[in-house]
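Report on one structure; see the data block that follows.
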Amino acid sequence: MELPKGLTRWLVLAICGVVAAVALPFGGKKKEEAPEEEESAASAMLAKATSILSSAVSGFFAVDFVWRLAVLLAIDAKFGLKAKVCAWSGAPDSAALLLYFLFWYVLNTKYNEYNKGAIDAVGGKTAGMTMTVSTMQLGVCAAYAGLLWLVGKNPVKLFGLQWPEAQKVPASTTDDVMKTVPVGFCAAAAHSSSVFALSGDPLFGQIVKAGEPVLSALVNTLFYGSPPTLAKACCLPVIVGGVAFASLKTDPTTGAYALKFDATALYFGLLANAFAAFKGSENKRLMSAKGIKERFGGVGNQYATTEILAFGISVPVMILKEYDMFPKFCNLCLTSPALRFNLVASGLAFYVYNELATMTIKKTSAVTASVANTAKRVIVLCWMSFVTGKALTYEQKTGAAIAIGGVLIYSVVDDIIKKIKKD
């Protein structure tokens, strides 16, 4: 069925608005300028014109999108626009799924860029405000979750050209919330550890984070009595070997290999992987409780509750660790547009890309999800190399390829063996 007259433009502008508001560098951190001797006057003018155009387009579409979304939601809430005025049910699920994949990748890469921008805006990893940045990102997530409940709609399906779904305040009991606290704690710890890791070395941090299955297997074996299969266990040394090789660097004089890596990226990357593994297992245990799914009223509500708890858990840690830096952080927020933009953008991108990831994984097979996750890691790694201006070394390229390839095989090997046995 064709779209009603006038609605086509709104949907096109909605998608363009989201892309422009999140994907274009509107008010974000400026790229470092190349030395004058390496940049012609023409290229400098072109770069400046492109930057101005990007900001103008971003600003127009962002404002237009927010205004139109507010109007649509208000009309829908008052008159039931979706049900009474328009019989169009949205894009086909197959087309929507492709768009969810696309925006999952876009927002994941942009989150990493905005996260780096926020860290740089406070002075880098040595400024003593990394935990504050991490906590404020979760604060943005918590505020966004509260806004969804206030409005009663979740616009995430607009990314797939489908209508927003209702998202009411969950009917969870106090006991349900208390049972969610371990998941919230693990989510807070995993997020903060990840921010610390990526503040150290965004490229090496991504390579370490690619080794998550190793920590997942260890955590599940020791704490949950759920070891990996023999086939999966055989893949773990490959992943470890890839990360280890990426940690090496050749001595320019002797040609010998020596360990050289950012310790912050390694240690906190491993911590992030461990807490992510705990979070996954605790979440599985939580959702197996009788009636809790129905009381939460959907994965969206459970995720929103988790992020709010994660923010509440992070605040005391932030106060204990960086309370003396908080006045300086507040002053930077007031004086630095780059910090304000990157902080809010990274928080929103983090929340929405996780929602999109959950939606795509639920709608695809385990093999497809694994391949998609692998592709995402490669895209993020390449994008961060571009953003930071740091080329991956031969060792990092090779090590990343081995580690990510090992993760892919780890994810699909059991399914392959089952298929072979059936045949």
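The values are calculated or read from the model by the stated rules, or taken from the named source; none is laboratory data. Quantities reported herein were computed from a predicted structural model and do not represent experimental measurements. We place every Cβ from the backbone using ideal geometry, glycine too, and count neighbours over all the protein chains shown. Just the protein is used for accessible areas: all its heavy atoms, side chains included, with ligands, DNA and RNA removed. Shrake-Rupley method; radii C 1.70, N 1.55, O 1.52, S 1.80 Å.
Numerical summary
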| item | result |
| --- | --- |
| Tally of residues being in a helix (DSSP H, G or I) and among the basic types (Lys, Arg) across region 148-207 | 2 |
| Positions within region 123-146 being of a type outside the set (Lys, Arg), buried (at least 17 other Cβ atoms within 10 Å of the Cβ) and not in a helix (DSSP H, G or I), in sequence order | Ala127, Met129 |
| Members of region 170-214 found to be more than 30 Å from Thr126 (Cβ to Cβ), of a type in the set (Val, Ile, Thr), in contact (Cβ under 8 Å) with a residue 40 or more places away in the chain and open to solvent by 10 Å² or more (accessible area, probe 1.4 Å), listed by number | Thr173, Val177, Val181 |
| Residues of region 379-400 classified as assigned to a helix (DSSP H, G or I), buried (at least 16 other Cβ atoms within 10 Å of the Cβ) and among the aliphatic types (A, V, I, L, M), total | 5 |
| Filtered residues of region 291-350 (kept if open to solvent by less than 70 Å² (accessible area, probe 1.4 Å), of a type in the set (Ser, Thr, Tyr) and assigned to a helix (DSSP H, G or I)) | Tyr303, Thr305, Thr306, Ser314, Ser346 |
| Qualifying positions in region 262-289 - polar (S, T, N, Q) and surrounded by fewer than 22 Cβ atoms within 10 Å (Cβ to Cβ) | Thr264, Ser281, Asn283, Ser288 |
